[in-house]
């Protein structure tokens, strides 16, 4: 039997499938935005010129190096 009507069950399947696609795409997009934000902050605050790949692979270490470089020693 051939169905020609788009019924409520079809709409539910499309809605669930669309939601699943959005969830699967959200994590990589969020990760890219996070790396870009970190890259911009490191380059501005530390006076560096790190590229996207460098920050994506070693962003935490680069941030620590910047903190060490910029810390002040106070002698009392």
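A few points about this structure:
- FRET efficiency, 1/(1 + (r/R0)^6) with R0 25 Å, evaluated for residue 49 and residue 71 via beta carbons: 0.70
- Secondary-structure-derived ellipticity at 222 nm for the chain, considering helices only, amounts to -27500 deg cm²/dmol, per-run term -39500 (n - 2.57) for DSSP H runs with n ≥ 4.
- Acute angle (nearest 10 degrees) that the helix 52-70 long axis makes with the longest principal axis of the chain, alpha-carbon atoms: 30 degrees
- Of every Cα-Cα pair in the chain, the percent that sits beyond 15 Å: 69 percent
- Folded to 0 to 90 degrees: helix 8-46 orientation relative to the chain principal axis, Cα: 10 degrees
- The simple spin-label model puts a point 7 Å past each Cα toward its Cβ; for residue 29 and residue 15 those points are separated by 2.0 nm.
- Ordered by the number of other Cβ atoms lying within 10 Å of each residue's own Cβ, fewest first, 38, 57, 74 fall into the sequence 74, 57, 38.
Every number in this text was worked out from the coordinates using simple rules, so none of it is lab data. Note that the structure is a prediction, hence the values are computed from the model and not measured. Every residue, glycine among them, receives a Cβ derived from its backbone with ideal geometry; neighbour counts consider all protein chains shown.
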